[in-house]
1. Quick one: angle between helix 31-46 and the longest Cα principal axis of the chain, in degrees between 0 and 90, rounded to 10, please.
2. With the Cα gyration tensor of the stretch 206-253 giving a ≥ b ≥ c as the square roots of its eigenvalues, does the rule (a/c under 1.5 for rounded; else a/b larger than b/c for prolate; else oblate) give rounded, prolate or oblate?
3. Cross-link candidates for LYS260: which lysines have Cα within less than 19 Å, leaving aside residues fewer than 8 places away along the same chain?
4. Residue separation times 0.36 nm, minus the C-alpha to C-alpha distance between GLN85 and GLU236: what's the value?
5. Ranked highest first by average number of other Cβ atoms within 10 Å, how do 169-179, 248-258 line up?
6. Label GLU13 and GLU253 with points 7 Å out from Cα along Cα→Cβ: what is the distance between them in nm?
7. So what J values fall out for the stretch 132-139 if you push phi through Karplus, 6.51 cos²θ - 1.76 cosθ + 1.60 with θ = phi - 60°, rounded to Hz, Gly and Pro as x?
8. Note the angle between two axes, namely the Cα long axis of helix 187-202 and the longest principal axis of the Cα atoms of the chain, as a number of degrees from 0 to 90, rounded to the nearest 10.
Amino acid sequence: MSDYQNILVDEYEGVVEITLNRPDKFNALTHGTAVEIMKVIKSVKRNPANRAVLFTGAGRGFCAGQDLSEVSERNDEFSFRNHLQSSYNPMVQAIRSLEKPVIGAINGAAAGAGLGLALSFDIRYASEKAKFLTAFIGIGLAPDTGVSYWLPRLIGPARAAEMLFTNERLDARQALVVGLVNKVFPHDDFLQESREFAKKLAASPTLGIGITKRALNKSLGVTFDDQLDYEAYLQEITGHSEDYQEGVSAFREKRDPQFKGQ
Ligand code: T3D
């Protein structure tokens with residue numbers, strides 16, 4: 001997994017680490033970046049040895065959203081809708097539907113579609129240097145890449161409206177308070193903390209985590225009664241897994257479990 005122009009990909013201890021790697025452009029997104037991310041996610045989906053994904057950014061920013069330096073090359077025929085539907089939408093859909101834990105190590109600014117990318121992760125750890133802004137209205141655009149879906153769910157509709165209408169920037173501490181990120185660390189420590197966390201998840205019962213992610217995704221659009229039915233259906237799957245057998249045996253034998261994600 002090394003022949004990429006816009007990202008770096010590293011593998012260790014069950015973790016696939018994807019680094020957005022266009023630091024001179026604040027890791028701004030292009031169609032090519034989205035295609036490369038989708039390729040890696042597809043490969044992770046197929047490979048049972050890949051049990052967690054960690055995203056971060058090279059340099060000062062996490063991701064500044066759409067690469068605005070390439071928009072001057074567009075002509076009148078350019079379709080924003082087609083652009084989103086062929087690049088950023090399938091990218092965040094692939095991440096959300098990947099039944100493995102996806103963690104963001106947010107090193108700097110996440111803006112526009114870059115915020116949408118960050119919000120598609122299951123869990124976000126942030127450097128003290130991270131900041132979060134919607135950016136769209138700053139250039140007269142409506143939100144995309146799932147920002148108008150996740151933001152009200154994570155921080156509430158009124159706070160989401162404020163961020164979207166005013167392009168307010170939240171620093172890492174503010175993002176922690178409103179629930180946009182899970183933890184904040186000093187910049188020098190945060191990547192190592194994020195990696196340790198990703199390795200810990202990769203050694204967990206990742207089949208159960210994947211099915212849990214399916215339950216969380218489903219809960220966003222159904223009634224309580226329907227979700228109860230769905231939980232019972234999913235428990236049928238995890239209840240017949242090797243990890244469940246191992247978890248119960250380890251509990252009885254008073255030892256640490258060795259989960260395989262099966
Ligand atoms: O058009 C469509 O395709 C529709 C889809 C849209 C999806 C979107 O994502 S729309 C939103 C696009 N993004 C933005 O509007 C964000 C623009 N950038 C910023 O607001 C700020 O740069 C940041 C808050 C991200 C960072 O601020 P700061 O002060 O820390 O850094 P800076 O000096 O502004 O930027 C550093 C460099 O990154 C600079 O390059 P230079 O001057 O050093 O050569 C800047 O031009 C470059 N950069 C930042 N954002 C982008 C970018 N280059 C290309 N595209 C960017 N989006």
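Readers should treat all values here as calculations from the given coordinates under stated rules, not as data from a laboratory. What you are looking at is a predicted structure, and each value in this text was computed from that prediction instead of being measured. Quick reminder, even Gly has a Cβ in these numbers, built from the backbone with ideal geometry, and neighbours come from all protein chains shown.
1. It works out to around 0 degrees.
2. Numbers: a/c = 3.25, a/b = 2.37, b/c = 1.37.
Prolate, because a/c is 1.5 or more and a/b exceeds b/c.
3. By straight Cα distance, LYS260 reaches LYS45, LYS100, LYS199, LYS200, LYS213.
4. 50.9 nm
5. Details: 169-179: 16.6, 248-258: 10.4.
Going from most to least packed, we get 169-179, 248-258.
6. 2.3 nm
7. Working through the residues one at a time gives 10, 8, 7, 6, 3, 5, x, 10 Hz.
8. Around 40 degrees separate the two axes.
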